[in-house]
Amino acid sequence: MHKGIFNKLCPSLLGVLLAAILAMPAFAQQMVSIDSGKLQGLTSNGVTAFKGIPYAAPPVGELRWREPQPATRWSGIRSAVEYGHDCMQLPFPGDAAPLGTPPAEDCLVLNVWTPAKYQGHALPVMVWIHGGGFVNGGSSPAVYDGTPFARDGVVFVSFNYRLGRFGFFAHPALTSESTSGMLGNYGYMDQIAALRWVQRNIAAFGGDPRKVTLFGESAGGGSVHILINAPQARGLFQQAIIESGGGRGNLMGEVRLHEAVGKRPSAETIGLAFAKARGIEGEGAEALRKLRALPADAIVDGLNMATMGQAADTYPGPMTDGKIVSSDPADAYLAGTQPHIPVIVGANSSEIGFPSAKTIDELFAAFGNDAAAARHAYDPENSGDLKSVGMRVASDAMMVEPARFVAATLSEQKQPVWEYRFSYVAESMRKEWSGAPHASEIPYAFDTVRARYTSKLASADAAMAQTMHHYWVQFAKTGNPNGPGLPSWPQYSVKDDVLMNFTNYGAAAETDPWKTRLDLAASLDK
């Protein structure tokens, strides 16, 4: 009797258990072999993530302020299920992309997301460079999760690079020590090393090293401009997206490795000033030994996005080094020496800028003979509000007009380029934001808006994220952002001046409504 009941219940029970198992998220481990050893990743819901993969040796001790060195091979299988440390910094309060790991100097790691199952040809690759003013940021924030890209058929890579005085530093003793002449821009060197790692290893994850799209935002976007024109990065990527990365002068200002520029000392002089502030004198090997012996916190010394302006005497930022950076992006593009690859470039409707005028009259006096026209364009209601009007002028000059300049310059050279403006504001923020602030487009491009807005996420926000994300994915796959179900996005031409505007009412291609004010902003660069 009991046996009969068991026989009747068992198939039903098994069915219930099977249904429960199928309803659970699928977690599994997956192994790949790369040039430094074997890795174990984690698969969830059709996407496998490999995190914290060393792409270079830890830049500590004697390797502080040296070119990135090869990662040490390991034996056995290395777990790659957790992020490595983001690079050493003082986190910036209120950052919209807060770090997910504690910062440390041992940080040269990257992360890969790939479809767990793929068939046929190798997949396109996207490589992300985070922003943060070259002093903050990392690859671990939740809004940088690569799952949506992998879900949509792209192998996604993010990585850390040295920041602040770890990433951008010069000193006469470093110049004397170097045999390669690769000095100063250690953060850019890390970026190039990460791209070389992708070329060597991405096929192991199903990616195509011949179909790499490099993209970044703010400092990351400025880095893309530099890498497009850097001889050391030639051939390491075939497409690029620049989000709010400027495009005229070097994003953080002009500093040269060995020579002063106007009132700005050389990076070496700034390095000497930092050493002196830490009680270290001299220009020889002993001074360098003491600098390398300083604890990491002493190198940071309170530097972040809030303090970098006050730290200008002891922190140079990225510099013209004569190797990776030989000129500013504008001169490089005007010379037409860059590889003629497909590019998307754009900025947001309420961008970052650093106004310096002390009065409204001083602000408009900078436009010279166009002062009256600028006043009408930027302050049509004659409000005299220096703060808001000054920010519009400064953000146009720093981000919005340079994006148009890049689009126009590349277009005139018959290079395929598409311009965008991100004007969408999340529904929950429309009472606080008059436009889309700097970096607010990132969770839309990544389709990670839920991580940014959590319970406040509106259906319209999610829909805009899907639209923008699919343009980015389509560009990675085909070199053209247009695709099925997406509003048509024309290639940029100077004659038509049409961009894709991501607005509160949807994505729409339109003639740039800010042409008049951007023409005026362009005159400030002359």
Quick check on my filter: what residues within segment 499-526 are surrounded by fewer than 15 Cβ atoms within 10 Å (Cβ to Cβ), among the acidic types (Asp, Glu) and part of a loop (DSSP other than H, G, I, E, B)? 525
Condition (residue is free of Cβ contacts under 8 Å to residues at least 60 places away in the same chain, out of contact with any Leu (no Cβ under 8 Å at 6 or more places or on another chain) and part of a loop (DSSP other than H, G, I, E, B)) applied to segment 437-452: is it met by at least one residue? no
Hey, among the residues in segment 172-217 that are in a helix (DSSP H, G or I) and among the acidic types (Asp, Glu), which one's farthest from residue 316 (Cα to Cα)? 177
Taking into account only those residues within segment 375-405 that are under 13 Å from residue 524 (Cβ atoms) and small (Gly, Ala, Ser), which is farthest from the chain's Cα centre (by Cα)? 377
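Residues are listed down the side, and each one gets a yes or a no for (1) under 17 Å from residue 194 (Cα atoms); (2) at pLDDT 95 or above; (3) assigned to a helix (DSSP H, G or I); (4) touching a Lys or Arg at 6+ places or on another chain (Cβ under 6 Å):
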position: 8; (1), (2), (3), (4): no, no, yes, no
position: 22; (1), (2), (3), (4): no, no, yes, no
position: 41; (1), (2), (3), (4): no, yes, no, no
position: 62; (1), (2), (3), (4): no, yes, yes, no
position: 66; (1), (2), (3), (4): yes, yes, no, no
position: 83; (1), (2), (3), (4): yes, yes, no, yes
position: 92; (1), (2), (3), (4): no, no, no, no
Can you name the residue in segment 27-58 that is within 11 Å of residue 109 (Cα to Cα) and not hydrophobic (A, V, I, L, M, F, W, C) and is also farthest from the chain's Cα centre (by Cα) among such residues? 58
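Can you give me the ranges of the helices (runs of 4 or more DSSP H) entirely in segment 258-320 with at least 1 residues that are touching a residue at least 24 places away in the same chain (Cβ under 8 Å) and under 13 Å from residue 168 (Cβ atoms)?
Correct list: 267-277, 296-300.
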Can you confirm whether residue 372 is within 29 Å of the chain's Cα centre (by Cα) and either under 26 Å from residue 495 (Cα atoms) or assigned to a helix (DSSP H, G or I) (or both)? no
Return a yes/no flag: does segment 328-336 have any residue that is under 32 Å from the mean Cα position of the chain (by Cα), acidic (Asp, Glu) and surrounded by 12 or more Cβ atoms within 10 Å (Cβ to Cβ). yes
Residue count, segment 135-147 (criterion: assigned to a loop (DSSP other than H, G, I, E, B) and over 17 Å from residue 193 (Cα atoms)): 7
Give just the number: which of (1) at pLDDT below 95; (2) in contact with a helix residue (DSSP H, G or I) (Cβ under 8 Å, 6 or more places away or on another chain) does residue 142 not satisfy? (1)
Kindly indicate whether residue 496 is charged (D, E, K, R), surrounded by fewer than 22 Cβ atoms within 10 Å (Cβ to Cβ), in a loop (DSSP other than H, G, I, E, B) and in contact with a helix residue (DSSP H, G or I) (Cβ under 8 Å, 6 or more places away or on another chain). no
Check segment 148-159 and report whether any residue there is in a loop (DSSP other than H, G, I, E, B) and surrounded by 17 or more Cβ atoms within 10 Å (Cβ to Cβ). yes
Failed item in (1) of a type in the set (Phe, Trp, Tyr); (2) surrounded by 15 or more Cβ atoms within 10 Å (Cβ to Cβ); (3) without any contact (Cβ under 8 Å) to a residue 60 or more places away in the chain, with residue 113 passing the rest: (3)
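The values are calculated or read from the model by the stated rules, or taken from the named source; none is laboratory data. These numbers come from a predicted model, not from an experiment. Counting neighbours? That spans all protein chains shown, and the Cβs are built from the backbone with ideal geometry, glycine included.
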